[in-house]
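Visitor: Just passing along the structure, written as structure tokens.
The values are calculated or read from the model by the stated rules, or taken from the named source; none is laboratory data. Everything quoted here is computed from the prediction, not taken from an experiment. A quick note on method: Cβ atoms are made from the backbone with ideal geometry, for glycine too, and the neighbour counts reach across all protein chains shown.
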Amino acid sequence: MSVANAVNTDKRAASSPIIYFVLPCYNETEGLAHTADVLCTKVDTLINNSTISSKSRILFVDDGSKDGTWKIIQRLHNSNEQLFGGVKLAHNRGHQNALFAGLMTARAQGCDAAISMDADLQDDVNAVDEFIANFRNGDEIVYGVRSARKKDTWFKRNTAEAFYKIFEWMGAETIPDHADYRLMSHEALDALSEYHEVNLFLRGIVPTLGYNTSKVYYERGEREAGESKYPLKKMISFALQGITSFSTKPLSFVTGAGLLSILVAIAMFIYVLASLGQSHTVAGWGSLMCSLWLIGGLIMVSLGIVGEYVGKIYMESKHRPRYRIETTL
Ligand code: UDP
Ligand code: MG
């Protein structure tokens, strides 16, 4: 650990940090008041035993809800302006964008760290004790990792597992299996603010920031009220977004398939030569089959090559930071 880091950690361990709890909400009228109640009790306890600063806040982000979610947030804010904050997005921009908006607001309001969690209390609120302890010990990012997915359906558990495997296989980052339940320090939020892409996949970006991280295991419960805002259709598109935001490997598959097709053409050509002059063949089939596979293969390889360039343009267009300097001497 560098001297600067050691000093930082000592300072962190000694003071009570300002922690922001960031909760994206989309049509959450049914359970929001209860969530606020549970979190408020938790935050009060943490403030009373000086684990966190009294300037800590619970920040709700209304992701363009169509029900009375914003009214509840306003009511909570009026009941305790210091504790409850709110951000209202003009339209529904999706969980990831809502979360980003909340994290950037927390950063702008001067938090020492922000903890993101779902508004349905599926994430065990008591895990934050360990989050904060790890932060005070010097970790910049703490992931809340689901120890058992017993409460999830067989389908959700297995599709999620398959997704993380494919994601890694695609050459993208290894990501801990966490549902965006994590703590990020102010410094990590600064680094995150450098990512300007519109198609956000935070679970993929956060591990690439290159900070000291740790994991806290917790058991993920069931949604306390209302219905999931992630139906199968949204889940699939989220998974595809995750993969395509980080990997252009699917484009290489086209080149691979084209090369395979050319190989088939060559094999076919050899077979045609071997069958020359035999009576069971129909006139013209050989040249037809060979050219079919060859042209098919050439077209796919050309598409793949164009795809590689498009992939490069796509990655460049994100304007992601090339690196993050950790220390300079
Ligand atoms: N959410 C959001 N915008 C959306 C969909 C969901 O802000 O377009 C919020 C939602 O209110 C919840 C969190 O994202 O706080 C996770 O959604 P949900 O619990 O429905 O997902 P699941 O746990 O079923 O995957
Ligand atoms: Mg949920």
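Visitor: Would you be able to tell me the number of residues in segment 86-136 that are in a strand (DSSP E or B) and within 16 Å of ligand 1 (Cβ to nearest atom)?
Guide: Step one: of segment 86-136, the residues in a strand (DSSP E or B) are 86-88, 113-116.
Right, trim to within 16 Å of ligand 1 (Cβ to nearest atom) and you get 86-88, 114-116.
The qualifying residues number 6.
Visitor: Next up: Please pick out the residue among 262, 243, 266 that is in contact with a Leu (Cβ under 7 Å, 6 or more places away or on another chain), surrounded by 13 or more Cβ atoms within 10 Å (Cβ to Cβ) and farther than 30 Å from residue 129 by Cα.
Guide: Values: 243 fails: in contact with a Leu (Cβ under 7 Å, 6 or more places away or on another chain); 266 fails: in contact with a Leu (Cβ under 7 Å, 6 or more places away or on another chain).
Among 262, 243, 266, only 262 is in contact with a Leu (Cβ under 7 Å, 6 or more places away or on another chain), surrounded by 13 or more Cβ atoms within 10 Å (Cβ to Cβ) and farther than 30 Å from residue 129 by Cα.
Visitor: Do we find a residue being hydroxyl-bearing (Ser, Thr, Tyr) and either out of contact with any helix residue (DSSP H, G or I) (no Cβ under 7 Å at 6 or more places or on another chain) or within 22 Å of residue 243 (Cα to Cα) (or both) anywhere in segment 278-285?
Guide: From segment 278-285, those hydroxyl-bearing (Ser, Thr, Tyr) are 279, 281; that's our starting set.
Now narrow it down to the ones that are either out of contact with any helix residue (DSSP H, G or I) (no Cβ under 7 Å at 6 or more places or on another chain) or within 22 Å of residue 243 (Cα to Cα) (or both): 279, 281.
Within segment 278-285 (the criterion being hydroxyl-bearing (Ser, Thr, Tyr) and either out of contact with any helix residue (DSSP H, G or I) (no Cβ under 7 Å at 6 or more places or on another chain) or within 22 Å of residue 243 (Cα to Cα) (or both)), the answer is yes, since at least one residue qualifies.
Visitor: Mind listing just one residue for me: the one in segment 195-232 that is in a helix (DSSP H, G or I) and within 16 Å of ligand 2 (Cβ to nearest atom) and, of those, farthest from residue 65 (Cα to Cα)?
Guide: Residues of segment 195-232 in a helix (DSSP H, G or I): 202-208, 232.
So of that shortlist, the ones also within 16 Å of ligand 2 (Cβ to nearest atom) come out as 202-203, 232.
Numbers: 202: 21, 203: 23, 232: 20 Å.
Selected residue: 203.
Visitor: How about segment 121-144: which of its residues are under 18 Å from the mean Cα position of the chain (by Cα) and either surrounded by fewer than 17 Cβ atoms within 10 Å (Cβ to Cβ) or within 16 Å of ligand 2 (Cβ to nearest atom) (or both)?
Guide: Taking segment 121-144 first, the residues under 18 Å from the mean Cα position of the chain (by Cα) are 122-123, 140-144.
Passing the criteria: 122, 123, 144.
Visitor: Please go through segment 168-192 and pick out each residue that is of a type in the set (S, T, N, Q) and surrounded by 13 or more Cβ atoms within 10 Å (Cβ to Cβ).
Guide: Kept after step one, since they are of a type in the set (S, T, N, Q), are these residues of segment 168-192: 174, 185.
The answer is 185, and nothing else.
Visitor: Something else now. Quick one: in segment 106-118, of everything that is more than 17 Å from the chain's Cα centre (by Cα) and in contact (Cβ under 8 Å) with a residue 60 or more places away in the chain, which residue is nearest to ligand 2 (Cβ to nearest atom)?
Guide: Within segment 106-118, the match that is nearest to ligand 2 (Cβ to nearest atom) is 106.
Visitor: Which of the residues that make up segment 149-194 are more than 25 Å from residue 124 (Cβ to Cβ), at pLDDT 95 or above and not acidic (Asp, Glu)?
Guide: The answer is 191, 193.
Visitor: Out of 165, 156, report the one residue that is surrounded by 15 or more Cβ atoms within 10 Å (Cβ to Cβ) and assigned to a helix (DSSP H, G or I). Quick ask: steps written out before the conclusion?
Guide: Values: 165 fails: surrounded by 15 or more Cβ atoms within 10 Å (Cβ to Cβ).
Answer to the check: 156.
Visitor: Do you know which of the residues in segment 137-148 that are within 14 Å of residue 122 (Cβ to Cβ) and assigned to a strand (DSSP E or B) is modelled with the highest pLDDT?
Guide: Of all residues in segment 137-148, those within 14 Å of residue 122 (Cβ to Cβ) come to 144-148.
Subsequent filtering for residues that are assigned to a strand (DSSP E or B) retains 144-146.
Working: 144: 95, 145: 92, 146: 86.
For segment 137-148, the residue satisfying everything is 144.
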